[in-house]
Amino acid sequence: MFSMDPVTLSRILTGLTLFVHINFASIGVGVPLIIALAEWRGITHKDPHYSLLARRWARGFVISVAVGVVTGTSIGLQLSLLWPSFMRVAGQAIALPLFMETFAFFVEAIFLGIYLYTWERFRRPILHLLLLIPVVLGAFSSAFFITTVNAFMNTPQGFTLENGVFTNIDPLRAMFNPATPTKVSHVLASSLTMSSGLLAGIAAYSLLKGRNHPYFKKALKLTVTCAFVFAVSTAVIGDFSGKFLAKYQPEKLAAAEWHFETMEKAPLIYGGILDENHEVKYALRIPYALSILAGSTPNTKVIGLEEYPQDDWPPLLIHYMFDMKVTIGMLLVLIPFLFLLRRWLPGRNKGYPKWLLIGILTLGPFAMVSIELGWMFAEIGRQPWIVRGYMRVVDAATTSPNVGSMLLLFIILYLVLCVSCIYVLAKLFRNKDVFTEMRERGIEEGGQG
């Protein structure tokens, strides 16, 4: 593997780092808001179960933040070491959001520390809750600034290219490029969906283990409701993202749908295989759906790959990533909907069927896979460009022969980090069981009643 060329190894290492980091980053963006919702409900309903949920979730959140800092730092390091030409040419255009992201994280980290160490220090509990507002805003801002960098790479603007050098740079225009609204909103919504799904899965697992305590039922109700709202939001934003691609990156949309011929009333292709002549076989074709996705009407003209040189085509395997992401997105909406529907139906107080709890248990893993597929689709679908239309990936990578050794070191680092994170989280909550903590805090008698 390490005999590969530096460009390929740089791609693998950067992809691996993003693969690991995006999960921790998504938790860092989504969980603070859900903690805030739990504490707010605990205060307004005078329900200590919700306050305890917020307290315990916050402890676990700190562990994930610590790992996310390491993987996030790795990305910054790799931008300079693996992609020096990109940073030299485009660095000034993206310097502002990278700089601001650091300050956003500082705000989040400072107020998170204050929040953790001031439980029950305020006479009015609402004052403690207010400390979470900067944490949530810092997390959202951090996601916003770093996502604008990726958005710039997809729809670059705010500069003039002269002799291979970016000049006359307008950092604000570069940051607020056409891709920013859909990319940022999609990142926020999907992060909230994943965070809700993971926390819902923990509650569902406890109920499956027979711990039929109101604490877990309240956790399930709050998190699954959040998962439904955020999953629907992600789906709606996904529709806007399709329209964005049709206008600004039509070659990516065409590759995702194996759409080779420019036409109106274009069908959406689901599944199938592609032969050597670019003929699609065994696929489900949904009439007019691609035109509707691209422009809301069946008569929308969708540009085909025939309009572009084949060297500029994105890899056609992104079709499968797109299909899997859409499929998982539908499940992320359907499973919470079935949970909410059951709560409205007669007999809802009889508990939750095992099949439904197992479905909820899959929400977190499904959302994680969906986020990974989304980023792979975004990054691979931009190929062969690192800055679309201006700089190719092969021209941006390092020529150093030591990338293979660097890749090996980072593989070991990420394995240690992920295993350590899981171990510490498991030990943290095993050492202080929720019923023991309830008894210590005088919430109610310990036990599973």
Protection proxy (average C-beta count within 10 Å per residue), highest first, orders 63-72, 180-189, 405-414 as 180-189, 63-72, 405-414
In the chain, what percent of the accessible surface is made up of carbon and sulfur (1.4 Å probe, ligands and nucleic acids excluded)? 66
Here the equivalent ellipsoid of the stretch 155-263, derived from its Cα gyration tensor, has semi-axes (largest first, whole Å) of 42, 19, 10
Under-5 Å amide H pairs with Ile386, H placed in peptide plane, nonlocal only: Met391, Arg392, Val393
Per residue, how large is the accessible surface of the stretch 52-151? Use a 1.4 angstrom probe and give square angstrom. 46
Kirkwood Rh in Å, taken over the stretch 232-327 so that all alpha-carbon pairs contribute: 13.3
Using only the alpha carbons, work out the radius of gyration and Dmax of the chain in angstrom. 23.6, 74
Taking a probe of 1.4 angstrom, what is the accessible area of Thr8 in Å², to the nearest 10? 50
Ignoring ligands, DNA and RNA, what accessible area per residue does the stretch 230-358 give at 1.4 Å, in Å²? 55
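To the nearest 20 Debye, how big is the dipole of the stretch 375-449 about its Cα centre, given +1 on the beta carbon of each Lys and Arg and -1 on that of each Asp and Glu?
280
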Treating each Cα of the stretch 1-84 as an identical point scatterer and ignoring solvent, apply the Debye formula and state log10 I(q)/I(0) at q = 0.11 Å⁻¹. -0.45
What's the Cα-based Rg to Rh of the stretch 61-218, Rh via Kirkwood? 1.09
Find which of Pro97, Ser190, Pro171 sits farthest along the positive direction of the dipole of the chain, computed with +1 on the beta-carbon of Lys and Arg, -1 on that of Asp and Glu, about the Cα centre. Ser190
Out of every Cα pair in the stretch 238-290, what percent are spaced more than 17 Å from each other? 35
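Could you tell me which helices of the chain pass both thresholds, a Cα extent of 18 Å or more along their own axis and a mean Kyte-Doolittle hydropathy of at least 0.0, with helices taken as whole DSSP H runs? Before the final figure, lay out the partial values.
Numbers: long enough: 6-44 (57 Å, 1.24); 48-82 (50 Å, 0.88); 84-116 (42 Å, 1.36); 132-154 (33 Å, 1.55); 180-208 (41 Å, 0.93); 214-248 (50 Å, 0.76); 318-344 (39 Å, 1.27); 363-380 (25 Å, 1.26); 403-431 (41 Å, 2.02).
TM-like helix candidates: 6-44, 48-82, 84-116, 132-154, 180-208, 214-248, 318-344, 363-380, 403-431.
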Cα centroids of the stretch 196-238 and the stretch 33-59: how far apart, whole angstrom? 14
Arranged from highest to lowest average of other beta-carbon atoms within 10 Å per residue, in what order do the peptides 110-116, 22-28, 279-285 appear? 22-28, 110-116, 279-285
Using protein chains only and a probe of 1.4 angstrom, how many square angstrom of Glu264 are accessible, to the nearest 10? 100
Using alpha carbons only: equivalent-ellipsoid semi-axes of the stretch 337-400, gyration tensor based, whole Å: 47, 12, 6
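Past 32 Å, Cα to Cα: identify those pairs from Lys325/Lys432; Lys243/Lys281; Lys183/Lys354; Lys183/Lys221; Lys218/Lys427, in the order given.
Values: Lys325/Lys432 37 Å; Lys243/Lys281 26 Å; Lys183/Lys354 37 Å; Lys183/Lys221 29 Å; Lys218/Lys427 24 Å.
The answer is Lys325/Lys432; Lys183/Lys354.
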Extent of the stretch 262-388 along each principal axis, from alpha carbon coordinates, in Å, largest to smallest? 61, 32, 28
Where a ≥ b ≥ c are the square roots of the eigenvalues of the C-alpha gyration tensor, would you call the stretch 322-441 rounded, which needs a/c under 1.5, or, failing that, prolate if a/b is larger than b/c, or oblate? oblate
Accessible surface ranking that places the most exposed of Leu18, Leu332 first, with a 1.4 angstrom probe: Leu18, Leu332
For Met324 and Trp355 in the same chain, what is the full-extension length gain: residue separation times 0.36 nm, less their Cα-Cα distance, in nm? 8.9 nm
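The values are calculated or read from the model by the stated rules, or taken from the named source; none is laboratory data. Quick caveat, the model's predicted, so the values are computed rather than measured. Reconstructed Cβ throughout: ideal geometry from the backbone, glycine too, with neighbour counts over all protein chains shown. Side chains included, ligands, DNA and RNA excluded: accessible areas come from the protein's heavy atoms. Shrake-Rupley method; radii C 1.70, N 1.55, O 1.52, S 1.80 Å.
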